Each structure stands twice: as structure tokens, then as C-alpha cells.
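Trainee: Supplied in C-alpha cells, the structure appears directly below.
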Amino acid sequence: MKRKMIFGLVLALCLSMPLSGMASAKAATVTSPILLKINQYYVIYTAPQSPYLDQNNRLMVPLRSLSDLLAAEVTYDAVNKSAVISRKNYLHETEENYSLKMSIGVKDIEINGTASQMDTIPVLIQGSMYIPLSVVTKAFHLDTKWDSKQRITHLYEDPAYLPPGIVSDEEHVLGQHSDPSVRPIQSFIQTDNKDGIPLIKMKLTSLNEGKSTVGDNHYLRFYVQDSNFSHFDVYNQVQTKSGTTFSVETTNTILAKSLRYVLVDACVD
């Protein structure tokens, strides 16, 4: 019985361990469900760990990665553990920028100069501030939709304001290759050391929600922001019937320490 309990604790630790803490854990694997989608891009990973639901059932995202993805500016006060997030008012460019001020462990916030309160609190994880996405989208007037069946939050952004590396990928940013019948549902991130450098590889499991079989003309385009921005394609290798899953693995080298986010677009030739 004791052995089973110890094994269970070790397994739980491996599944919950953030990426930044895995550099010394050879071949450790973090498993995360996919909970967020920006336009047609599934958010596979954000540093230091993927978006998650807190005890109040609020989707929590790291401030640094979110500011990258939304072209927002962040000022962080380490002494008071507070942050001010500002973003250009793209709806009315002659007006002041949107702003949001919040502090770690505090429900009180300030949205565009007006005091308000959340039903959850920002937290600090591995030196990164995690904040509730719903508060940010409200402050910045961004459209969102909760899909209760898929249990995923859809966030809609003007494609022109996505990160430059994605925008420059013109055909994909316009969704010309995207296939909505394929939905990534779970990621597996494995970290290992190579010559003292922590590197990762990813395995992504996707569900075929369409009516037809998914073949080798389907692929997943990975957008990776580590020390540089890059994108690459990984093709499906098996015939996948409707209602079943397939998995792909990355073989490219991704730097674990500088990794900020990974997005994926499910595509078809």
C-alpha cells in the first residue's frame, strides 16, 4: 500500500511540474489539456506552464506570454507585486490606451481608471504572474466565447495585431489552410539536457471531429517563440477515422529556458 501511495505522489508531481523546473529532471514529461484558442491558433504552451483552471474555475494565463500575444505593454512593480497592462485602443485610436492594474493575491483591480473587483486572485508561479483571462478581455474589449462541449475558450483578435512572426505567415494567418475538423486536445512536453542545455520536444494529440478520414495531407503548424521566433510543420502519418485521435511529435530543437509560448494551427494541404 505504501509503495502505491509513493508511486502516486511521484506520478502526480511529474504531471504537474512546470517546464522551468524540469531542467534537471531528465526526460520528465508535462501533460496539459488545451484550454485556449486565439483565432485559429491553439495555445499549446505558455511559460512557465500552460494555461490552467484555478479553484474558482477561471482560466489563468501568464502575463508575459499574454502580453506578447495581444501586443500589450506591461510594467511590473516587484516591490508591491503589482502590474499595469496597457494596450492601444484599436477601436478608437484617438482615445487613451486601455489599462488594467492588478496585484498578486489581491481581488481589487483598476480597469481604465475605475476600481473593480475580481472573483479570483492573480498568483505567482515560478517567478511569473498568472492572471485571469476574463478580466483582461473585458478591460481590452476583446471578443471571447466559451465552448462548453469542447471545454475551450475562444479569443478573437484582429489578425494584424498578432505577433509579427505569425502575421508574416500570410496564407496561414488568414486561415487559408486551417482545418476546423482537427482539434488539438492534449500536449506532452518532454525536457532533457543535451550538453548541459535544456531542450524540449513536444507530442501533440489531436481529435478528428470531422465526418471524413484525416490522412497524410493534414499537418500541424507549430509557432514557437523561444530565443527566436520560428514555425515548422509536422504531418499526420496515419489514416485517422472520424471521432478518433492521432499524435505528432516535433523533432526540431526548442530551447526550454527561453521558451515563451507555442501555438498550433491545424491545417490541410
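Trainee: Counting residues that are in contact with a helix residue (DSSP H, G or I) (Cβ under 9 Å, 6 or more places away or on another chain), which strands (runs of 3 or more DSSP E) fully inside segment 212-269 reach at least 3? Can you show your working first?
Mentor: Numbers: elements: 218-225, 229-235, 245-249, 261-268.
Where strands (runs of 3 or more DSSP E) fall fully within segment 212-269 and carry at least 3 residues being in contact with a helix residue (DSSP H, G or I) (Cβ under 9 Å, 6 or more places away or on another chain), they are 218-225, 229-235, 261-268.
Trainee: Can I ask one more? Look through Thr245, Thr213 and report the one residue that is under 18 Å from Ser32 (Cβ atoms) and surrounded by fewer than 22 Cβ atoms within 10 Å (Cβ to Cβ).
Mentor: Criteria check complete, one pass: Thr245.
Trainee: Follow-up. Within segment 221-230, does at least one residue satisfy the condition of being touching a His at 6+ places or on another chain (Cβ under 9 Å) and over 21 Å from Thr29 (Cα atoms)?
Mentor: The answer is yes; a qualifying residue exists.
Trainee: So which residues in segment 54-66 are under 19 Å from Leu124 (Cβ atoms) and either at pLDDT 95 or above or assigned to a loop (DSSP other than H, G, I, E, B) (or both)?
Mentor: Asp54, Gln55, Asn56, Arg58, Leu59, Met60, Val61, Pro62
Trainee: If you don't mind, another one. Quickly run through segment 77-89 and pick out the residues that are over 11 Å from Lys101 (Cβ atoms) and in a strand (DSSP E or B).
Mentor: Correct list: Arg87 only.
Trainee: Which residue, of Asp158, Asp119, Asp108, is acidic (Asp, Glu) and within 17 Å of Leu53 (Cβ to Cβ)?
Mentor: Asp119
Trainee: Quick one: would you say Arg183 is basic (Lys, Arg), under 22 Å from Ser65 (Cβ atoms) and touching a helix residue (DSSP H, G or I) at 6+ places or on another chain (Cβ under 7 Å)?
Mentor: So Arg183 fails the test.
Here is a yes/no grid of residues against (1) farther than 20 Å from Ser227 by Cβ; (2) modelled with pLDDT under 95:
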residue: Met5; (1), (2): yes, yes
residue: Gly8; (1), (2): yes, yes
residue: Leu35; (1), (2): yes, no
residue: Pro48; (1), (2): no, yes
residue: Asp68; (1), (2): no, yes
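Quick grid of which residues meet (1) open to solvent by 10 Å² or more (accessible area, probe 1.4 Å); (2) closer than 20 Å to Ile38 by Cα:
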residue	(1), (2)
Pro62	no, yes
Leu70	no, yes
Asp77	yes, no
Ala83	no, no
Tyr90	yes, yes
Leu100	no, no
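Trainee: May I pose another question? For segment 121-207, please list each of the helices (runs of 4 or more DSSP H) lying entirely inside it that holds at least 2 residues being surrounded by fewer than 16 Cβ atoms within 10 Å (Cβ to Cβ).
Mentor: Numbers: elements: 133-139, 164-167, 170-173.
Where helices (runs of 4 or more DSSP H) fall fully within segment 121-207 and carry at least 2 residues being surrounded by fewer than 16 Cβ atoms within 10 Å (Cβ to Cβ), they are 164-167, 170-173.
Trainee: Which of the numbered conditions does Tyr235 fail, given that it passes all the others? Conditions: (1) closer than 20 Å to Ser181 by Cα; (2) open to solvent by less than 20 Å² (accessible area, probe 1.4 Å); (3) under 22 Å from the mean Cα position of the chain (by Cα).
Mentor: Status for Tyr235: all satisfied but (2).
Trainee: Residue under question is Ile104, and the condition is that it be β-branched (Val, Ile, Thr), surrounded by 18 or more Cβ atoms within 10 Å (Cβ to Cβ) and under 29 Å from Arg151 (Cα atoms); does it hold?
Mentor: No: the conditions fail for Ile104.
Trainee: Take the conditions at pLDDT 95 or above and among the hydrophobic types (A, V, I, L, M, F, W, C) and apply them to Val234. Does it pass?
Mentor: So Val234 passes the test.
The values are calculated or read from the model by the stated rules, or taken from the named source; none is laboratory data. Small disclaimer: the values here were computed from a predicted structure and weren't measured. All Cβ positions, even for glycine, are placed from backbone atoms using ideal geometry, and neighbour counts span all protein chains on display. What goes into the accessible areas is simple: the full protein's heavy atoms, side chains included, and nothing from ligands, DNA or RNA. Shrake-Rupley method; radii C 1.70, N 1.55, O 1.52, S 1.80 Å.
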